[in-house]
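Scroll down for the structure; my scribbles are underneath it.
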Amino acid sequence: LGSTRIVRVDEHNVAVERYDEITSPKTKETRREWREAGYYGHRIEHAAESALFNALPYGEQVTPQMIRDAVATIVENTKGVLK
């Protein structure tokens, strides 16, 4: 949960998705799925910054190791999605 990835929307555009837990208001059942967290058009560098920002934990001091771990996770989640 909370992982992010960069996805290709079409031939020229990218978006960032975040893996979240969703609760249905009617049934109260939960499921996990990738949800769009931002659309960046052709600006992949902005998508990369957003994915990193979304991957870092809230309320904690950011360390170099946290950034390395977040980048590794984003890359792993993105493999196969950007073709």
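Brief remarks follow.
- Distances between placed amide hydrogens fall under 5 Å for residue 40 paired with 14, 15, 16, all partners being 5 or more residues away or on another chain.
- Within the stretch 2-16: backbone nitrogen closer than 14 Å to the residue 44 label point (7 Å, Cα to C-beta): 6-16
- Simple label model, 7 Å out from Cα along Cβ direction - residue 69 to residue 30, nm: 2.1 nm
- Element breakdown for the chain at a 1.4 angstrom probe: carbon and sulfur atoms account for 51% of the accessible area.
- Neighbour net charge for residue 33 - beta-carbon separation under 12 angstrom, K R +1, D E -1: 0
- The Cβ shell under 15 Å around residue 58 holds other residues with a net charge of -1, Lys and Arg each +1, Asp and Glu each -1.
- Modelled FRET efficiency - R0 30 Å, residue 58 with residue 8, Cβ distances, 0.05 increments: 0.60
- GNM top mover of 29, 21, 49 - the chain, alpha-carbon springs below 10 Å: 29
- Largest first, the three principal axis extents of the alpha carbons in the stretch 32-78 are 30, 27, 21 Å in whole numbers.
The values are calculated or read from the model by the stated rules, or taken from the named source; none is laboratory data. Just so we're clear, the structure is a prediction, and the values are computed from it rather than from any experiment. Positions of Cβ are backbone-derived with ideal geometry, glycine not excepted, and every protein chain shown enters the neighbour counts. The protein model used for the area step is the full one, side chains on, heavy atoms only, and it has no ligands, DNA or RNA in it. Shrake-Rupley method; radii C 1.70, N 1.55, O 1.52, S 1.80 Å.
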